[in-house]
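The values are calculated or read from the model by the stated rules, or taken from the named source; none is laboratory data. This is a predicted model, so every value here is computed, not measured. Methodologically, a virtual Cβ is constructed for each residue, glycine included, from the backbone with ideal geometry; neighbour enumeration extends over all protein chains shown. Keep in mind that these areas ignore ligands, DNA and RNA; they rest on the heavy atoms of the full protein, side chains included. Shrake-Rupley method; radii C 1.70, N 1.55, O 1.52, S 1.80 Å.
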Amino acid sequence: MRALLLLALLLAAPRAMADSADITKILRGRYLATVGDCIACHTGPNGQYAGGRGIETPFGLINAPNLTPDSDTGIGQWSEADFARAMHEGVRPNGDRLYPAFPYPWYTKVTREDTDAIFAFLRTLPAVRNTVDRDTLPFPFSVRTVMRGWNLLFFSPGYYEPRADRSAEWNRGAYLVEGLGHCSACHTARNALGGDSSAAWQGGPLQGWFAPNLTNDARQGVGNWSVEDIVAYLRTGANARSRASGPMAEVVGYSTSLMNEADLRAIAVYLKDLPAAAPTPPAALATSDPAMRTGEALYVDNCMACHRRDGQGVEGIFPILAGSQVVQQPGTDTLMRIIISGVRSVATDGAPTSPGMPAFGWRLNDQQVADVVTYIRNSWGNQAPAASAADATRLRGLVAAAPH
Ligand code: HEC
Ligand code: HEC
Ligand code: HEC
């Protein structure tokens, strides 16, 4: 596999192949681009890295540009230093500010050596001519100088600084998670202007999903997950506790499932050191509560066959709902989406069959979706705020607008 890739690289870019040091650098760059998940955003109808995919932001869709070496429509005329500046400061060679839909607030932590390697890899891609519309935002966000103000408020450029009081493995994990992995872009809630909220790593809504708390809180975070549980989830998209779907399925498919074992362990070791932090949930609703009674009846009719009466599921097939982090997040978007439109989790080489959950949106109305969600969030020891029919209506609209 590695030999084939080398051969392909040699054929594709004979000039760039001066010596084996170059080849090592290019292979490292390819791996680092995988860690950074560049392909997920920069792939569109004209091919990998050729751009054109619209990225959702609170201000509108922003198209990811062409990263192939085409000199007119890609980054063919950029130097290594231009590329490093874009990654480190979010600035284009002509001085234009980039929007943080491009995760430069995280990539700023990446070493110059690593951005140079990524650049060397991008150089070996076939040049694809693909003009991408870069000016899709409405006024005033269309004015790129507005980003100067945003950067002042929310962005501090700076390379990752290793901590002397932590192990090399922890530092490697921190470098990956806080830098190329940009995990907190989703796992820390954004504030109204798209900056970090103060509740670091406590999870947040995104695109009609809810990215869970990754602190060591036992109920909402990964407090009960071992390093091995986290590694298995990132490598295969599934472990005995949960299965990755939605945006995390993409992260696993394009990025973490292709990382090496040592890096996955480093990431897990770092996450296991994040101090527990989560909003205190309200006391569980009584089984006599009207929403709980309706929810229970709906659960018995629609869900019990797979997830079992006691919420224990079937290991390796139907996820456990009792004690589940996904079920007990402050926001219900993931739960409602899964119930309304069904879900199929990611299939990886490590876990090739991906069981699916059928859609119930055609069968349950918005109040019923809310009630069954309220029920699973307050049964079997679970504790989380009740769900609302208004949220189910909103999710139904989102699912109808962008089915996936
Ligand atoms: C979450 C989606 C996302 C990911 C992941 C992502 N990018 Fe981007 N990137 C964008 C968007 C959107 C823009 C355009 C921003 C703008 O127009 O201001 C962009 C812009 C860029 C630019 C500026 C190009 C130009 O012509 O202005 C470069 C360089 C770049 N990305 C490189 C990368 C690399 C390298 C990676 C992986 C390490 C990566 N990106 C990962 C979304 C992403
Ligand atoms: C594009 C947004 C996004 C990014 C980037 C992202 N995640 Fe996630 N992550 C999610 C969502 C959404 C879920 C919930 C998936 C589900 O419920 O099926 C999730 C789930 C998880 C879970 C399972 C938590 C649980 O309680 O079930 C772990 C662990 C995790 N992510 C780790 C990471 C790590 C490590 C990174 C960085 C390498 C990362 N994530 C990057 C969105 C993201
Ligand atoms: C035919 C079997 C089946 C039925 C019936 C079913 N589910 Fe599921 N459910 C699944 C499977 C399989 C998954 C894992 C899907 C995935 O992530 O790809 C799942 C996932 C879930 C999850 C996400 C768990 C996690 O850790 O990510 C929740 C919550 C859930 N189901 C709730 C329900 C509720 C509520 C109902 C009834 C309205 C229901 N399910 C009915 C099979 C089923």
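Per-residue ellipticity at 222 nm computed for the chain from its helices equals -12000 deg cm²/dmol, with DSSP H segments shorter than 4 residues left out and the rest contributing -39,500 (n - 2.57). I'd like to know which of Leu264, Val227, Pro45 lies farthest towards the positive end of the charge dipole of the chain, counting +1 on Cβ of Lys and Arg and -1 on Cβ of Asp and Glu. Sorting the options by dipole projection puts first Pro45.
Around the Cα centre of the chain, unit charges on the Cβ atoms of Lys, Arg, Asp and Glu (plus for the first two, minus for the last two) sum to a dipole of about 280 debye. Rounded to the nearest 10 degrees, the angle from helix 227-236 to the longest Cα principal axis of the chain is 70 degrees. Both radii were evaluated on the Cα set of the range 230-291; the Rg over Rh quotient, with Rh as the Kirkwood radius, amounts to 1.17. Averaged over its residues, the chain has an accessible area of 47 Å² per residue, based on protein heavy atoms and a 1.4 Å probe. Principal-axis analysis of the Cα atoms of the chain puts helix 261-271 at an angle of about 60° to the longest axis. With all pairs of different C-alpha atoms in the average, the Kirkwood value for the hydrodynamic radius of the chain is 22.7 Å. Between the range 194-266 and the range 370-404, what's the alpha-carbon centroid distance in Å? Spelled out, the Cα-based centre of one part sits 21 Å from the other. Identify, among Ala401, Asn382, Ile338, the residue whose Cα sits farthest towards the positive end of the charge dipole of the range 290-401, taking +1 on the Cβ of Lys and Arg and -1 on the Cβ of Asp and Glu, with the dipole about the Cα centre. Of the listed residues, the answer is Ala401.
Rounded to the nearest 10 degrees, the inclination of helix 112-123 to the longest alpha-carbon principal axis of the chain is 80 degrees. Within the accessible area of the range 233-387, the carbon and sulfur atoms contribute 56%, probe 1.4 Å, all protein chains present. Just the protein heavy atoms count here, and of the accessible area of the range 2-154 at 1.4 Å, carbon and sulfur take up 57 percent.
In the range 82-149, Cα pairs under 8 Å separated by at least six residues give a relative contact order of 33 percent.
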